[in-house]
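Below is one structure; the comments refer to it alone.
The values are calculated or read from the model by the stated rules, or taken from the named source; none is laboratory data. In this text, all values refer to a predicted model and were calculated from it rather than measured experimentally. For neighbour counting, all protein chains shown are included, and Cβ atoms are generated from backbone atoms with ideal geometry for every residue, glycine included. Heavy atoms of the whole protein, side chains included, go into the accessibility calculation; ligands, DNA and RNA do not. Shrake-Rupley method; radii C 1.70, N 1.55, O 1.52, S 1.80 Å.
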Amino acid sequence: MLLAVDIGNTQTAFGIFNDAGELVYTGRIATTSAKTPDELAILIHSLFARHSIETAAIDRVVIASVVPSLTSHWVELSRELPADDILLVDAQRCGGLEILLDNPAEAGADRLANAIGAIQRYGAPAIVVDFGTATNIDVIDGCSAYRGGVISPGLETSADALFSHAARLSAVDLDPPERVIGSSTRQAIQAGLMRGEAAKVDGLVSQVIEELGAVSTPTVIATGGLAQIMAPLCSSIAHIDSELTLCGLFEVARREESGI
């Protein structure tokens with residue numbers, strides 16, 4: 001079996017794929033850099049035991065990380081499983097994806113996994129909107145090459161900044177408002193945060209499509225922890241795929257193993 005791990009700034013998502021390539025288990029934990037390798041191992045082993053996952057059957061691990069301090073912890077944990085093959089995704093090990101950036105090494109491993117996942121599951125051209133700590137928009141052109149994209153503050157990041165800098169505004173729950181014009185402070189904040197985020201995404205996607213100049217219109221896919229609540233507010237998004245990054249990591253590992 002293969003363990004795919006996506007270490008993000010706020011959450012770490014992981015999934016188990018069986019030998020047939022089927023995603024048989026997914027989980028999420030809070031990304032906490034203060035955890036020691038031993039604490040992380042106890043947490044993961046207890047989760048796996050709870051779901052009757054035989055760790056001895058995990059012989060391959062693929063990791064995408066944007067938190068360098070935790071990467072080594074997961075590598076150490078992977079060796080204890082024990083996994084024979086541990087792949088850290090980067091610009092050199094990304095399943096043969098062509099990266100059209102000025103400096104390919106700058107590309108985040110999660111963004112490369114999203115690109116590979118989008119190509120595999122939806123074809124090219126494609127645009128991935130990843131709603132997380134940051135809202136990332138990643139662009140794959142008609143030749144299945146990664147063109148780069150957009151990085152902006154995510155919904156919760158914007159909310160935290162607003163509430164920490166505006167003394168008279170209290171934190172509100174992130175429920176999608178029915179209207180743009182809020183009749184209370186709570187509704188006004190929700191409209192500004194959530195419909196503002198949706199308008200930002202739709203506007204940026206429109207500009208990306210115009211710049212891309214694709215012969216066929218790109219498929220727009222939403223993923224990330226906040227995709228379920230944000231994607232329905234965005235007119236540009238065609239699909240919600242919460243498993244896109246993990247499936248992209250599996251495809252990267254498959255391509256690297258087969259030498260594609």
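When the surface is traced with a 1.4 Å probe over the full set of protein chains, Arg28 keeps roughly 120 Å² accessible. Considering only Ala20, Ala115, Ala126, the mean-square fluctuation computed in a Gaussian network model of the chain, springs between alpha carbons under 10 angstrom, is largest for Ala20. The heavy atoms of His45 present about 70 square angstrom of accessible area, all protein chains included, probe 1.4 Å. Plainly put, the range 79-207 has a radius of gyration that is 1.10 times its Kirkwood radius, both from alpha-carbon atoms, as the Rg/Rh ratio.
Over all pairs of different C-alpha atoms, the chain has a mean inverse distance whose reciprocal, the Kirkwood radius, equals 19.3 Å.
Angle of helix 155-165 to the longest C-alpha principal axis of the chain, folded into 0 to 90 degrees and rounded to 10: 60°. Across every direction, the projection of the convex hull enclosing the Cα atoms of the range 1-70 has a mean area of 4.5 nm². Average accessible surface for the chain: 48 Å² per residue, computed with a 1.4 Å probe over protein heavy atoms with every protein chain in place. With angles folded into 0 to 90 degrees, how steeply does helix 68-80 sit against the dominant principal axis of the chain? Use alpha carbons for both and round to 10. Tilt relative to the chain: about 30 degrees. Taken one residue at a time, the phi angles of the range 233-240 give Karplus couplings (6.51, -1.76, 1.60, θ = phi - 60°) of 8, 9, 6, 7, 8, 9, 9, 10 Hz. Gly and Pro are set to x. Distance between the pseudo-spin-label points of Asp175 and Ser152 (7 Å out from Cα toward the beta carbon): 2.6 nm. Beta bridges from DSSP with both residues in the chain: antiparallel share about 60 percent, rounded to the nearest 5.
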